[in-house]
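**Q** Before I ask anything, here is the structure I am working with.
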Amino acid sequence: MPTVSGAVLEVGPATVRIRPNRHSDGKSRVPACTTSISADLIAAALAGIDDTTVLLDERPVAVADLWRRVISASVEPHCRALTIVHPSWWPPHRVKRIVDTAASVVGDVRALPRSAAVADGESATVVEIADDVIAVSGPGRSPLVLARTDDPQDVARTIGNDSGRSVLIDAAPGVAGGAEYARDLMTALRRRGVAARPAGLSDVSAPTVEALPVPAPRRWCGPVVVAASAALTVCALGVAVGRPHTPAPALDVIDIVEGRITVRIPARWPITRITAGPGSRRIQASAPDAPNVAVHVTQSYSPGEVLDRTADVLRQAVTEQPRGVFVDFNPADRRGGRPAVTYREVRVGRDIRWTVVLDGATRISIGCQSAPGREDAVAEACERAIESAHELAGTNGSA
């Protein structure tokens, strides 16, 4: 009779690999129930995690089947428990795909965000470095995900000093230039007076009650479909899927960081990001199954502005446009629990209901697009965006 044992599988962002787990005797070892994983399978599975089909050896393969092969190649048949350590910023649908697949291979599947594994119980801010993004997680907070710029000082300015809390910098295995970036970021943080030190994924406890079980696959809701934009920085909410008694949100959402602001949008909506050309920085998140449904977000640097002044400027701009294009102007409305200027933009086959709010030194405009008379189709996404739109800390004093 083979020994029933547990395994710890590190999944993403750049590789999949077995981790040592910590046993009751205090010793760490790679569990006997693990085996090797094909590098080609790993690369294809990670590249296609948000798709339904990918090419492997020039042949189409269902992504669900591909991940099943990866998980099956990671654990042997007698393995009965598996803890999956995943990037903290991964959206719920992505974690769901891995967990659902693992549940078809191993009876007891548990998920753990990478930041929790790195912190290992310490009340610290964890910085995860990936190829394109930097995720910043703190105790009790959803991750803030930033673009990985060429200059680590850009990231250091965003992190700041959170009441003296230590900052742990983790470069995931397989991330190009991760170790060098971690070193430079640590130097930049220390120059700003932040207590930063390198950290990695410590030995993860083998599956126990503390590892928090993931609900059975049938309890997940929503289809596994998404169109992702690699150029956009996002962070997932509610990724700690193993927490019991926490109902899933009605709409999976992510926080995006763009320019001076952060705003919450649906996790599965494809995103177009515009940072050049005329006009302000702006993004458009579009419903994948409804071409006319979208959320537009623009911003402008407006230090010292008050809402009355904003209303005057917008009213003047509206009156200069052709009659009937901008209607229902309200200079003293209230949306998403905050004062706002609102109006409706009428275009062929679509209406865009604009809500303009102020936060710090930034004017933020949220445009909620739908077919005429179908504003209910975008109402929930619109409300989330308006409620959440805020200026990033540290940007108040500059354009």
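The values are calculated or read from the model by the stated rules, or taken from the named source; none is laboratory data. Values in this document were obtained by computation on a predicted structure and should not be read as measured data. Note: accessible area is taken over every heavy atom of the protein model, side chains too, but ligands, DNA and RNA are not part of it. Shrake-Rupley method; radii C 1.70, N 1.55, O 1.52, S 1.80 Å.
**Q** Accessible area per residue, 1.4 Å probe, Å², for region 73-151: what's the number? The partial results should precede the final answer.
**A** Numbers: 2470 Å² over 79 residues.
Result: 31 Å² of accessible area for each residue.
**Q** Additional query: Would you calculate the volume per residue, in Å³, of the smallest convex hull containing every Cα atom of region 256-342?
**A** Values: hull volume 12.3 nm³, N = 87.
Convex hull volume per residue, Cα atoms: 141 Å³.
**Q** Next up: Taking region 298-386 as the region of interest, what is the percent of Cα-Cα pairs per 10 angstrom bin, listed from the shortest bin to the one with the maximum distance?
**A** The percentages, shortest bin first, are 17, 50, 30, 3.
**Q** How much of the accessible area of region 29-161, probe 1.4 Å, is carbon plus sulfur, in whole percent?
**A** 47 percent
**Q** Moving on. So what is the accessible area of region 291-399 per residue, in Å², with the probe set to 1.4 Å?
**A** 50 Å²
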